[in-house]
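Beneath this line is the structure, given in structure tokens, with notes to follow.
The values are calculated or read from the model by the stated rules, or taken from the named source; none is laboratory data. Just so it is clear, the structure is predicted and the values come from calculations on it, not from any experiment. A quick note on method: Cβ atoms are made from the backbone with ideal geometry, for glycine too, and the neighbour counts reach across all protein chains shown.
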Amino acid sequence: MFDNLSDKLDKALHVLKGHGSITEVNVAETLKEVRRALLDADVNFKTAKEFTNTVKEKALGQNVLTTLQPGQLMVKLVKDELTELMGGETAGINLSGSPTVILMSGLQGSGKTTFSGKLANYLKTKKTKKPLLVACDIYRPAAINQLHVVGDQIGVEVYSEPENKNPVQIAQNAIAHAKQNGFNVVIVDTAGRLAIDEAMMTEIANVHKAINPQETLFVVDAMTGQDAVNTAKTFNERLNFDGVVLTKLDGDTRGGAAISIKSVVDKPIKFIGTGEKMDAIDVFHPARMADRILG
Ligand code: GDP
């Protein structure tokens with residue numbers, strides 16, 4: 001999908017570059033193409049419209065039409081604006097607190113458990129931290145096992161209480177365990193459902209309230225397009241999360257999710273997942289993503 005969007009933008013901007021003299025009509029036509037490309041990549045309508053309007057205003061404000069290389073200036077404007085739309089700068093993760101508590105949220109299948117492992121591995125190797133993984137899914141024993149498998153793989157301890165059906169208690173006990181045993185980061189993996197459901201939201205909201213995490217991360221599958229935006233909105237209303245993790249960007253992903261989520265919930269995308277392996281994690285770089293989108 002990225003290639004697709006990139007190709008389309010390329011074509012649209014190429015039209016502009018090809019013109020000897022550029023008129024306001026050309027700019028409008030090109031931006032219409034840009035808008036269409038963004039919509040095709042699942043950027044929501046309002047965001048795409050605002051985006052092209054902003055670029056248009058800036059283009060006319062900077063007298064793009066009278067410059068020597070209007071096409072190139074337009075490409076730069078589009079890229080800069082796209083970068084800005086995705087947050088501009090790279091957003092860091094709050095590692096204060098002793099221990100730092102990080103709560104993972106998101107739907108089942110979004111990649112929460114995999115990402116919990118990746119983040120533990122990342123913090124351990126890059127930031128020399130001692131993380132503890134916590135299994136708070138009380139419904140699926142398979143989910144607890146999965147986290148244990150991940151923990152074994154990266155050499156990180158996993159805290160679980162398979163007989164306990166109270167996720168708030170498990171999370172609190174895990175934090176006490178971390179304090180007693182010198183872990184300085186606690187990553188709490190929670191239960192997800194296939195779709196938003198009130199019981200799930202109440203449960204995670206209760207865990208959130210009880211453990212008061214430094215970072216609440218919302219994990220979302222980048223391939224889910226507009227649904228990703230709606231899910232993000234609902235989770236944000238309940239948890240007021242601190243950042244987004246966009247997974248599965250190695251697949252046939254829709255770049256639109258990155259753009260829309262940021263503009264709809266106004267929370268930074270902090271990390272991306274680029275594969276199933278434990279090292280397939282990257283800090284999110286808005287400018288790099290804009291480059292990738294634009295080709
Ligand atoms: P959870 O239900 O939210 O905990 O999701 P899981 O961590 O179990 O992930 C669901 C599936 O997506 C698994 O098969 C993972 O291997 C896969 N997965 C997770 N993250 C990525 C990613 O960044 N890229 C790819 N290709 N697959 C991923």
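Odds and ends about this structure:
- Within the option set Ala91, Ala41, being surrounded by 21 or more Cβ atoms within 10 Å (Cβ to Cβ) and either under 15 Å from Ile269 (Cβ atoms) or in contact (Cβ under 8 Å) with a residue 12 or more places away in the chain (or both) holds for one residue only, Ala41.
- Scanning the range 201-223 for residues that are surrounded by fewer than 22 Cβ atoms within 10 Å (Cβ to Cβ) and within 12 Å of the ligand (Cβ to nearest atom) turns up just one, Met223.
- From the options Gly92, Gly106, Gly155, residue that is away from the ligand (no atom under 13 Å from the Cβ) and at positive phi: Gly155
- Some residue of the range 278-286 being part of a loop (DSSP other than H, G, I, E, B) and among the aromatic types (Phe, Trp, Tyr): yes
- When Val186, Val158 are checked against the criterion of being touching a Pro at 6+ places or on another chain (Cβ under 7 Å) and surrounded by 20 or more Cβ atoms within 10 Å (Cβ to Cβ), Val186 stands alone in meeting it.
- Flag for Gly106 being surrounded by fewer than 21 Cβ atoms within 10 Å (Cβ to Cβ) and either over 23 Å from Gly155 (Cα atoms) or modelled with pLDDT of 85 or more (or both): no
- Whichever residue in the range 136-152 is hydrophobic (A, V, I, L, M, F, W, C) and assigned to a helix (DSSP H, G or I) and, among such residues, is nearest to the ligand (Cβ to nearest atom): Ala143
- Top-ranked residue in the range 60-90 [being farther than 23 Å from Lys49 by Cβ and β-branched (Val, Ile, Thr); ranked as modelled with the highest pLDDT]: Thr90
- Within the range 265-282, being surrounded by fewer than 17 Cβ atoms within 10 Å (Cβ to Cβ) and near the ligand (Cβ under 8 Å from one of its atoms) holds for Gly275, Glu276.
- Odd one out for Ala195, checked against (1) surrounded by fewer than 16 Cβ atoms within 10 Å (Cβ to Cβ); (2) at pLDDT 90 or above: (2)
- Of all residues making up the range 109-131, the number that are surrounded by fewer than 21 Cβ atoms within 10 Å (Cβ to Cβ) and in contact (Cβ under 8 Å) with a residue 40 or more places away in the chain: 3
- Any hit, the range 68-78, residues being within 16 Å of the ligand (Cβ to nearest atom), without any contact (Cβ under 8 Å) to a residue 60 or more places away in the chain and not acidic (Asp, Glu): no
- Asn94 being within 24 Å of Lys262 (Cβ to Cβ) and polar (S, T, N, Q): yes
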